[in-house]
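Working notes, beginning with the structure itself.
The numbers here are math on the coordinates, done by the rules we state, and not lab data. What you are looking at is a predicted structure, and each value in this text was computed from that prediction instead of being measured. Ideal geometry is used to build each Cβ from the backbone, glycine not excepted, and the neighbour counts take in all protein chains shown.
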Amino acid sequence: MSATTCQRCGAGVRGLVCEYCGVLHHAPTSTAEEKEAWIEFLGILQTKEPETQIILLQNGFLPDSLPTLIDAGLHCMGLVDLSDTADPLVQTAHQRLQAIMAKLKILPATPESERAVAQFEETIAAYRHADRRFNRFLLGGLVALLGLCAALVGGLVLWLG
């Protein structure tokens, strides 16, 4: 395929997906072409640094066909690390998984899509639970630090006073 210009970012596009912003060069003409574009997007995503992966996940190609959309969701599930919910890449993968799930809910329901939605909802719920736990831990640490500062100031006032 000859190089053309991406309509979104102006970069040269040699395949179905722009390797700089992740958008499709043109709408797929079949589910097979969409699957090919998804594989290309995934290949581009895996070669980039985390900062660029975040941009690609936020703005990049999101499939329309059920099997490819489920594949995209399964890929995002693999990026949702419950032990590090503060990581921007994990947060972006969580947001993309939510978008995929919303898109799945709009499509006509099938047993496959219902299983995927249930699995994605489980992952999203687990992420939210882990994120709340992490935030409570941070808040507890902050309260302890403030208590220590107050005790030190009180001690200093008594010592000087």
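With neighbours defined as other Cβ atoms within 10 Å of a residue's Cβ, the residues D84, D71 order from fewest to most as D84, D71.
What is the range 1-79 by shape, rounded, prolate or oblate, if you read a ≥ b ≥ c off the alpha carbon gyration tensor as root eigenvalues and call it rounded for a/c under 1.5, prolate for a/b larger than b/c, and oblate otherwise? Kindly include the intermediate steps, with their values, before the conclusion.
Working: a/c = 2.03, a/b = 1.13, b/c = 1.80.
Oblate, because a/c is 1.5 or more while a/b does not exceed b/c.
Run lengths n ≥ 4 of DSSP H only: what is the helix-derived mean residue ellipticity at 222 nm for the chain, with -39500 (n - 2.57) per run over all residues, to the nearest 500? It would help to have the intermediate numbers written out before the result.
Numbers: 5 runs with 110 residues, N = 161.
Roughly -24000 deg cm²/dmol at 222 nm, from the helical runs in the chain.
Distant-in-sequence amide contacts of V17, defined by a placed amide H-H separation under 5 Å and a gap of 5 or more residues or a different chain, comprise H25.
Dipole magnitude for the chain: computed about the Cα centre from +1 point charges on Lys and Arg Cβ and -1 point charges on Asp and Glu Cβ, it is near 480 debye. Here is the size of the chain from its Cα atoms: Rg then Dmax, 22.2, 81 Å. Please tell me the relative contact order of the range 77-133 in percent, rounded to the nearest whole number, where contacts are Cα pairs under 8 Å and at least six residues apart. Relative contact order of the range 77-133: 47 percent. Which whole-number percent is the relative contact order of the chain (Cα, under 8 Å, 6+ apart)? Computed over the chain, the figure is 15 percent.
How do W159, W38 rank when sorted from fewest to most other Cβ atoms within 10 Å of their own Cβ?
W159, W38
Can you check how the C-alpha radius of gyration of the range 63-126 compares to 2.2 N^0.38 Å, as a plain ratio?
Details: Rg = 11.3 Å, N = 64, 2.2 N^0.38 = 10.7 Å.
Expressed relative to 2.2 N^0.38 Å, the Cα Rg reads 1.06.
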